[in-house]
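K.L.:
This is the structure I have questions about; it appears just below.
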There are 2 protein chains.
Amino acid sequence: MTLALEGIRILDLTRVLAGPYATMILADLGAEVIKLEMPGHGDDARAFPPHVAGESAYFMSLNRNKRSMTLNLKQEAGKQLFRDLIKKVDVVVENFRPGTMKRLGLDYDSLKTINPGLIYAAASGFGQTGPYRQRAAYDAIVQAMGGVMSITGPAGGPTTRIGTSMGDITAGMFTAIGILAALRYRDQTGQGQMVDVSMLDSQVAILENAIARYAVTGTIPEPIGNRHPSIVPFESFATADSQIMIAAGNDVLWTKLCEALGIEDLVDNPLYESNELRIDNYVKLRPLLAAPILTKTTKEWQTILDNAGVPNGPINNVAQVMQDPQVQAREMIIPVNHPSAGILNMPGIPIKLSETPGSIRQPAPLLGQHTDEILANIFGYSPEEIGALKANDIF
Amino acid sequence: MTLALEGIRILDLTRVLAGPYATMILADLGAEVIKLEMPGHGDDARAFPPHVAGESAYFMSLNRNKRSMTLNLKQEAGKQLFRDLIKKVDVVVENFRPGTMKRLGLDYDSLKTINPGLIYAAASGFGQTGPYRQRAAYDAIVQAMGGVMSITGPAGGPTTRIGTSMGDITAGMFTAIGILAALRYRDQTGQGQMVDVSMLDSQVAILENAIARYAVTGTIPEPIGNRHPSIVPFESFATADSQIMIAAGNDVLWTKLCEALGIEDLVDNPLYESNELRIDNYVKLRPLLAAPILTKTTKEWQTILDNAGVPNGPINNVAQVMQDPQVQAREMIIPVNHPSAGILNMPGIPIKLSETPGSIRQPAPLLGQHTDEILANIFGYSPEEIGALKANDIF
């Protein structure tokens, strides 16, 4: 074994983002992922712009390390092949609207009779239970309903959507965790189970101290821009050329920051000598910090503050992130060569394992690229048998 | 076994958020988590406001299901007990600045000689390798450096920090995934390993299509408020009393939306008949949608749009989230009774397992609450032996 999840076979019916993100994490760590797609159409994300040589960059960046097999689950012969496949996999993952798999006769209750050790994971907008279970959700809807927008945005300004689809991504991550936990239980007991993750639940789970603060104080948290809710100074400032984020999380760092900014006199000013006082006197304090910071560039301040040991960082755009020396050193931007689209840079693997490092072993598949290979290798069908199956028009 | 991760013992040296979030996820699913804290002081988060009866709400909401043992790792007798404990655990997790455990003589290379099956997980700001590895990071710093702020904010407005600490939380989630993957490998081979997760890497990993878009188009993504980067209409609108998020992700939903808003004439308008055209003519289109939406309340629109099958949702604040019927039905807000602080509402468990549902079995521990219990149960020490150990002043 050279990969942590080697030997785990996942049948992946997911589309777009939440589900594919979950199976990408598992595939990166070594799971064998068979992406099952509708013939002709495939994963909706294959149509998402921008495209390179006909291939969606969005799709390619989420489906590396997966093989694609087409199968029409609306036809009886397709369903039968699906049931046969269920016997040969450890995990099935889907992110349909709840009820879809039941209408196909392929829900967990049906499938577990075929394979009692099966782990069946479903990621959905609102979950398999509860009054909203039948509703469609998109990332923007659950970000809105889940509360994170209500605490994101400029102070006093509009509630703001997170610019990346955290509603999907967090659900994908919790789905991956649920699958791995269920696999551990299956390995111990032989018993499979259903993993039910909802995007809305996932949003609630990431609110963390906003809920605790509200529960105790009764004050509803609001957008506060780039400030920390309970530490000062801990926010972004304009520099001579851009911005810098500064995080002076305790009194020692406060002293170092004042010295670095050349405003040592503030250290002994009784108005600012504790975090509580700095919060209370924030309106007075902020311009005293902002004025000197405005006089040098971000790069100059980075050097000064790094030398002083004060946590700081630039507000990087996506191009700057991709060129950052640490991001590069950690191989967090990886060029992946696709046979038709060429090289595409995509995020690397954030889980670094010393003995079984994850890897990007193959680019995203073309639609149905591995159908024959899977029929031959997993089912052991001969070319003749595959030809006969194809007469059913299910691929 | 009634919990998925029953039988897994984790020695948890983590503080504040990223590490405690990882071990909370694993504890909720059944792992036994021993939180090892410095005598006297403990997890820094114990000091974070607001407090109830002396207990930090922040700390309580992240440390349920864990037991606390104090141990001074700077004393030789403490180190020895730690090494003894390492023989009896499956996983150790820490989120110190890289190098801290090595200075104590307790880094992975030392500990694996004691327990070759040990999984050693480290969550840090920038990772164990690379030019920034020694730097301190806080959530705000990695949100700034990792690019997510550069794509979050009002259109044309300031780059904006996500209001919840996604830098910590995503690192915590990837750490949990890494631990579970390493456990699977350990179960198969007996071999432990190190799991190295960085907050900055985690931010890059969640940028998803922003990187793909930039890699293909060369255009640097910017804040676009609450709009979707490539679908129209898919954003928030002001209503008569607040706001509503509407996501018409395809042409069928576009038609339904126009009908629901009473602007059916737009359906056949050639300016808006495809998503591409709606993007091109956005400036013209937006006010035509905004005007009717402003005439009714959010609740009225929710009913109308739900009936029409158009995905929509209110922008809930934290109080509204906690009262939401779906959030309630999914038990995503759980009251936990703490012996001194009383009942505190906190986020529930977003991973719903059918056979081995996670549970909140005990409130967050007092500092050192379980030291004697752990010395007795795990080490098998008698009260006399515990007394003798205490003479060392290491607890």
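The values are calculated or read from the model by the stated rules, or taken from the named source; none is laboratory data. Quick caveat, the model's predicted, so the values are computed rather than measured. Here Cβ is always computed from backbone atoms with ideal geometry, including for glycine, and neighbour counts include all displayed protein chains.
K.L.:
Here are A:292, A:287: which of them is in contact with a helix residue (DSSP H, G or I) (Cβ under 6 Å, 6 or more places away or on another chain), in a helix (DSSP H, G or I) and modelled with pLDDT of 95 or more?
P.N.:
None of the other options fit; the residue is A:292.
K.L.:
Given the options B:327, B:321, B:310, name the one that is part of a loop (DSSP other than H, G, I, E, B) and either among the basic types (Lys, Arg) or surrounded by 14 or more Cβ atoms within 10 Å (Cβ to Cβ) (or both).
P.N.:
B:310
K.L.:
Looking at (1) surrounded by fewer than 15 Cβ atoms within 10 Å (Cβ to Cβ); (2) touching a residue at least 24 places away in the same chain (Cβ under 8 Å), find the lone condition where residue B:303 falls short.
P.N.:
The one condition residue B:303 does not meet is (2).
K.L.:
Just to be sure, is residue A:93 under 18 Å from residue B:177 (Cβ atoms) and in contact (Cβ under 8 Å) with a residue 40 or more places away in the chain?
P.N.:
The answer is yes for residue A:93.
K.L.:
Evaluate the following for residue A:200: is it within 7 Å of chain B (Cβ to nearest Cβ) and under 20 Å from the mean Cα position of the chain (by Cα)?
P.N.:
Yes: the conditions hold for residue A:200.
K.L.:
On to the next question. Every residue in segment A:138-154 that is assigned to a loop (DSSP other than H, G, I, E, B), buried (at least 24 other Cβ atoms within 10 Å of the Cβ) and either of a type in the set (A, V, I, L, M) or over 17 Å from the mean Cα position of the chain (by Cα) (or both), please.
P.N.:
Once the filter is applied, which keeps residues that are assigned to a loop (DSSP other than H, G, I, E, B), buried (at least 24 other Cβ atoms within 10 Å of the Cβ) and either of a type in the set (A, V, I, L, M) or over 17 Å from the mean Cα position of the chain (by Cα) (or both), segment A:138-154 yields A:147, A:148, A:152, A:153.
K.L.:
Can you find a residue in segment B:208-223 that is facing chain A (nearest Cβ under 10 Å), more than 30 Å from residue B:169 (Cβ to Cβ) and not aromatic (Phe, Trp, Tyr)?
P.N.:
Taking every residue of segment B:208-223 in turn, at least one turns out to be facing chain A (nearest Cβ under 10 Å), more than 30 Å from residue B:169 (Cβ to Cβ) and not aromatic (Phe, Trp, Tyr).
K.L.:
Taking only pairs six or more apart or across chains, which ones have beta-carbon atoms under 6 Å, a first residue in segment B:122-136 that is more than 7 Å from chain A (Cβ to nearest Cβ), and a second residue that is at pLDDT below 95 and surrounded by 20 or more Cβ atoms within 10 Å (Cβ to Cβ)?
P.N.:
If the second residue must be at pLDDT below 95 and surrounded by 20 or more Cβ atoms within 10 Å (Cβ to Cβ), the pairs left are B:125/B:137.
K.L.:
Looking at this structure, is residue A:231 at the interface with chain B (Cβ under 7 Å from one of its Cβ atoms) and closer than 23 Å to residue A:153 by Cα?
P.N.:
Here the answer is no, as residue A:231 does not meet what is asked.
K.L.:
Residue B:179 is checked against (1) within 7 Å of chain A (Cβ to nearest Cβ); (2) closer than 21 Å to residue B:95 by Cβ; (3) buried (at least 24 other Cβ atoms within 10 Å of the Cβ); (4) of a type outside the set (D, E, K, R) and fails just one. What number does that condition carry?
P.N.:
Looking at each condition in turn, residue B:179 falls short on (1).
K.L.:
Can I ask one more? Which one of A:81, A:26, A:36, A:17 is of a type outside the set (S, T, N, Q), in the same structural domain as residue A:173 (by TED's automatic domain parsing) and either surrounded by fewer than 20 Cβ atoms within 10 Å (Cβ to Cβ) or more than 22 Å from the chain's Cα centre (by Cα) (or both)?
P.N.:
Working: A:26 fails: either surrounded by fewer than 20 Cβ atoms within 10 Å (Cβ to Cβ) or more than 22 Å from the chain's Cα centre (by Cα) (or both); A:36 fails: either surrounded by fewer than 20 Cβ atoms within 10 Å (Cβ to Cβ) or more than 22 Å from the chain's Cα centre (by Cα) (or both); A:17 fails: either surrounded by fewer than 20 Cβ atoms within 10 Å (Cβ to Cβ) or more than 22 Å from the chain's Cα centre (by Cα) (or both).
Answer to the selection: A:81.
K.L.:
Sticking with this structure for a sec: Which residues, taken from segment B:114-158, are hydroxyl-bearing (Ser, Thr, Tyr) and modelled with pLDDT under 95?
P.N.:
B:138
K.L.:
Looking at B:210, B:248, which is the one that is touching a Ser or Thr at 6+ places or on another chain (Cβ under 8 Å), buried (at least 22 other Cβ atoms within 10 Å of the Cβ), closer than 26 Å to residue A:50 by Cα and at pLDDT below 95?
P.N.:
B:210
K.L.:
I would also like to ask the following. Looking only at segment B:306-327, how many residues end up being more than 8 Å from chain A (Cβ to nearest Cβ) and closer than 28 Å to residue B:52 by Cα?
P.N.:
Final tally of qualifying residues: 1.
K.L.:
Moving on. Residue B:65 fails exactly one of the following numbered conditions: (1) crowded, with 19+ Cβ neighbours inside 10 Å; (2) at the interface with chain A (Cβ under 8 Å from one of its Cβ atoms); (3) not basic (Lys, Arg). What is the number of that condition?
P.N.:
(2)
K.L.:
Right, residue A:106: among the aliphatic types (A, V, I, L, M), surrounded by fewer than 24 Cβ atoms within 10 Å (Cβ to Cβ), at pLDDT 95 or above and part of a helix (DSSP H, G or I) or not?
P.N.:
Considered against the rule, which asks whether it is among the aliphatic types (A, V, I, L, M), surrounded by fewer than 24 Cβ atoms within 10 Å (Cβ to Cβ), at pLDDT 95 or above and part of a helix (DSSP H, G or I), residue A:106 comes out as no.
K.L.:
Then there's this: Take residue A:374 and decide whether it is in contact with a Lys or Arg (Cβ under 9 Å, 6 or more places away or on another chain), among the aliphatic types (A, V, I, L, M), in a helix (DSSP H, G or I) and buried (at least 16 other Cβ atoms within 10 Å of the Cβ).
P.N.:
It is true that residue A:374 is in contact with a Lys or Arg (Cβ under 9 Å, 6 or more places away or on another chain), among the aliphatic types (A, V, I, L, M), in a helix (DSSP H, G or I) and buried (at least 16 other Cβ atoms within 10 Å of the Cβ).
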